[in-house]
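Just so it is clear, none of the values below were taken in a lab; they were calculated from the coordinates. Note that the structure is a prediction, hence the values are computed from the model and not measured. No Cβ is skipped: glycine too gets one built from the backbone with ideal geometry, and neighbour counts run over all protein chains shown.
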Amino acid sequence: MSDYLNIVYNTKDRPFTSYPEKLINYLFKVFSLKEGTKLLEPGCGRGEHLRLFKDLGLDVFGLDLSPESSKFSPDLEINIFDAESGAIPFPENYFDVIYSKSFLEHIRNPEDFLKEAYRVLKPGGLIISMVPDWETQYKKFFDDYTHVSPFTSVSLKNIQLASGFREVEVFKFRQLPIVWKYPILNYFCAFIAFFVTVRTKVPFLRWSRELMLMSKATKPMNTL
């Protein structure tokens with residue numbers, strides 16, 4: 001659905017917030033990213049994350065199904081790309097990092113995409129993926145009708161191993177910046193999550209209940 005940005009992610013229903021900046025700064029530090037790193041973001045949407053990585057000195061490229069994506073971010077290099085139907089339009093061993101958030105769950109055959117990601121990633125390169133955690137979001141996962149592939153921590157790890165990646169790590173992640181600063185608050189969030197209604201509109205309560213899965217994996221140095 002190439003017009004999803006206007007329907008599902010329009011700025012009225014999904015206004016711009018300060019969260020992307022906090023997340024990208026966090027990821028930059030946690031994964032020890034460096035200036036000059038060549039990064040690809042498939043499913044880059046409005047380009048918010050891509051631009052923030054660029055502001056941190058990375059050499060960034062985006063892919064998205066929607067032609068609207070480049071209209072949101074005309075200053076960024078964003079190619080139209082349907083992950084269901086073709087090869088990533090870049091040569092082998094091209095990128096240092098591939099990053100995606102809320103992307104893999106929208107693909108019917110995510111293993112095909114991951115094999116392409118493996119191809120264009122340099123040996124020793126890093127793939128960072130964030131997807132909804134099925135165990136905490138299953139009651140509303142399909143509220144977004146473009147969701148087709150749910151993941152658990154086990155399946156997210158195994159699909160990357162099956163695609164050739166190694167050193168795969170998957171962990172649950174709360175989208176609450178205060179928890180990143182004070183990890184002990186995870187215990188409090190886990191406790192109150194039992195009492196939070198499924199579709200609460202209160203951000204702190206929602207993200208106490210709903211977790212993401214974050215994973216990192218590498219392409220082996222010896223790929224022969």
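Quick query: amide H of GLY125 versus all other amide H atoms, modeled in the peptide plane; which residues come in under 5 Å with a sequence gap of 5 or more or a different chain?
LYS219
Report the relative contact order of the chain, percent, no decimals, based on alpha-carbon pairs under 8 angstrom and at least 6 residues apart.
Result for the chain is 18 percent.
PHE31 to VAL154: FRET efficiency via 1/(1 + (r/R0)^6), r the Cβ-Cβ distance, R0 22 Å, to the nearest 0.05?
0.50
May I ask you to compute the full-extension gain from PHE171 to GLU111, defined as 0.36 nm times their residue separation minus their alpha-carbon distance, rounded to one decimal in nm?
19.6 nm
Which of these values of Cα Rg over 2.2 N^0.38 Å was calculated from the structure shown: (i) 1.20; (ii) 0.99; (iii) 1.30?
Computed from the coordinates, Cα Rg over 2.2 N^0.38 Å corresponds to (ii).
Using a 7 Å offset from Cα along Cα-Cβ at LEU161, what residues in the range 120-137 end up with backbone N under 17 Å from the label point?
Under 17 Å, as judged by backbone N against the label point of LEU161, lies no residue of the range 120-137.
Would you list which lysines come within 19 Å of LYS54, measuring only between C-alpha atoms, while excluding same-chain residues fewer than 8 positions from it?
Result set, ordered by chain and number: LYS22, LYS29, LYS34, LYS38, LYS71, LYS101.
So how do PHE90, PHE61, PHE195 line up by other beta-carbon neighbours within 10 Å, fewest first?
So the ranking, lowest neighbour count to highest, is PHE195, PHE90, PHE61.
With 10 angstrom as the radius, rank HIS49, HIS147, HIS106 by how many other C-beta atoms surround their C-beta, starting from the fewest.
Arranged by neighbour count, lowest to highest, HIS49, HIS147, HIS106 become HIS147, HIS106, HIS49.
Between the range 47-71 and the range 145-220, what is the separation of their alpha carbon centroids in Å?
Using only Cα atoms, the two centres lie 23 Å from each other.
Take the chain, connect every pair of alpha-carbon atoms lying under 10 Å apart with a spring to form a Gaussian network, then pick out the residue of ALA193, ALA117, ALA83 with the largest mean-square fluctuation.
Among ALA193, ALA117, ALA83, the largest GNM mean-square fluctuation belongs to ALA193.
With +1 on each Lys and Arg Cβ and -1 on each Asp and Glu Cβ, and nothing else charged, work out how big the dipole of the chain is about its Cα centre, in Debye to the nearest 20.
820
Taking the Cα-to-Cβ direction at LYS139 and at ASN222 and moving 7 Å from each Cα, how far apart do the two end points lie in nm?
Distance between the two pseudo-spin positions: 5.0 nm.
Relative contact order of the range 111-181, please, whole-number percent, based on alpha carbon pairs below 8 angstrom and at least 6 residues apart.
33
Along the Cα→Cβ direction, 7 angstrom out, place labels at ILE80 and TYR94. What is the inter-label distance in nm?
Here the answer is 1.8 nm between the modelled labels.
To the nearest 500 deg cm²/dmol, what mean residue ellipticity at 222 nm is calculated for the chain from DSSP H runs of n ≥ 4 alone, each contributing -39,500 (n - 2.57), summed and divided by the residues?
When only DSSP H runs of four or more count, the value is -8500 deg cm²/dmol.
In what sequence do THR146, THR136 fall when counting other Cβ within 10 Å, fewest first?
Fewest to most other Cβ atoms nearby, the residues stand as THR146, THR136.
Let's test the formula: R0 of 25 Å, r as the Cβ-Cβ distance of THR200 and HIS147. What FRET efficiency results, to the nearest 0.05?
0.85
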